[in-house]
Amino acid sequence: MKKRCFFLFLILVSEVFSLNYFGEVEGTQRFRSYNKSNGYLELILGAEHMEEDFYSQVSIMATDDPSDHLDLYRGYVEFYRDSTTFSVGRQMLVWGSAYLFNGADVFNELELENPRSEKEGLDSVRIKYNLENMSRLEGVVFKNSVRDDNLGARYTFLVDNYEFMANYFHYDKKNSAGESVKNEDIVLEVKGDAGIGVWSQLIHRESDSSPQNSIVLGGDYSFDLSGNLFYTLIETIYISEENRGAAYLRYNYVVSEDVEVFQSLLMDAGISYFYLRSGFNYKLNDYFNLQISYNYYNNFRGLNYSNMEKELNSELVFEIKGYF
């Protein structure tokens, strides 16, 4: 019934507004180390409308998952008035300057293969107010799988080439055992340009279990290598209560206009676990992109970054994306 109402809503909106349509298709095939393979097909279709003081977007996601073939991917409206931006609906929420160890992104599950990938929408209400001297206040109420009224707020200000952010979150989330846990986080962060791109986060988390304090440090730099772009990144985290740390390293090398090679490594300080990913992107044309990668996991289940099968240690992944 909800899906029928959504399609009726989409038709009515199409009649009232002039819309720009877009689409994306993604197919993934994984060949895993224990002689098991699986595939995944995803299609996103949507439309958007923009005016001087108003923006709206509606999109649906269709998959070959038998448990849920069709779902609302995004559906929100955004209003602009003077110094205020207000948005409501199912929209993408991503906060924080860190890359992999992003303590300010309490909205999304971590994706190891591509931490900065597009995220699915969350039902939320968000407001942003621009203050004087290039500073702003933001607030959001959002729904996740555990709780309907999670809260987030942040204050941002600029000093020279640096951006400072103070974040506060009050939310519930499931832990690695599948139990609902109350969290209250304070995240202080800074990012800027010191000859290379740098960022840092100080994270304090109060939960039902015990307090946790972490520090994140990162930097990235791009330079010319034989006439082509070579991008490097390193990010580290240290968790004081557990007396442990981890590091994430990545590079992307643009071999030509159509080919890009990449490699990333995630490991702890004692190298008791690590995750290594190697692969390349090939741009078939302006609408299709092919990616082939090899992922190797060593003692990774204990890290609780994702619900991986216990026996998984390596996989070959083929992925094709199309845009229209």
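The values are calculated or read from the model by the stated rules, or taken from the named source; none is laboratory data. This structure is a prediction, so every number in the text was calculated from the model and none was measured. Positions of Cβ are backbone-derived with ideal geometry, glycine not excepted, and every protein chain shown enters the neighbour counts. Heavy atoms of the whole protein, side chains included, go into the accessibility calculation; ligands, DNA and RNA do not. Shrake-Rupley method; radii C 1.70, N 1.55, O 1.52, S 1.80 Å.
For the reader, a short list of remarks on this structure follows.
- The residues of region 122-224 expose on average 57 square angstrom of accessible surface per residue, using a 1.4 Å probe on protein heavy atoms.
- Cα shape, region 75-162, gyration tensor, a/c 1.5 rule: oblate
- Furthest towards positive pole of dipole, MET50, GLN91, GLN29, structure part region 27-179, Cβ charges: GLN29
- Separation of the GLN212 and TYR294 label points, Cα + 7 Å toward Cβ, nm: 3.3 nm
- Residue range of the chain that is longest and free of trypsin sites (Lys or Arg not before Pro) which are both DSSP loop and sparsely packed (at most 10 other C-beta within 10 Å): 117-309
- Computed from backbone phi, the HN-Hα couplings of region 149-157 come to 10, 6, 10, x, 8, 8, 10, 10, 8 Hz, rounded to whole numbers (Karplus: 6.51 cos²θ - 1.76 cosθ + 1.60, θ = phi - 60°; Gly and Pro given as x).
- Heavy-atom accessible area with a 1.4 Å probe sorts TYR80, TYR99, TYR287, largest first, into TYR287, TYR80, TYR99.
- Shape call, region 42-107: gyration tensor on alpha carbons, a/c limit 1.5: oblate
- Protein heavy-atom surface of region 243-305, 1.4 angstrom probe: 54% of the accessible area is carbon and sulfur, with nucleic acids and ligands not counted.
- Entries of LYS191/LYS321; LYS128/LYS191; LYS119/LYS321; LYS119/LYS182; LYS119/LYS283; LYS128/LYS321 with Cα pairs more than 27 Å apart: LYS191/LYS321; LYS128/LYS321
- Split the accessible area of region 76-211 by element, probe 1.4 Å, and carbon with sulfur accounts for 52%.
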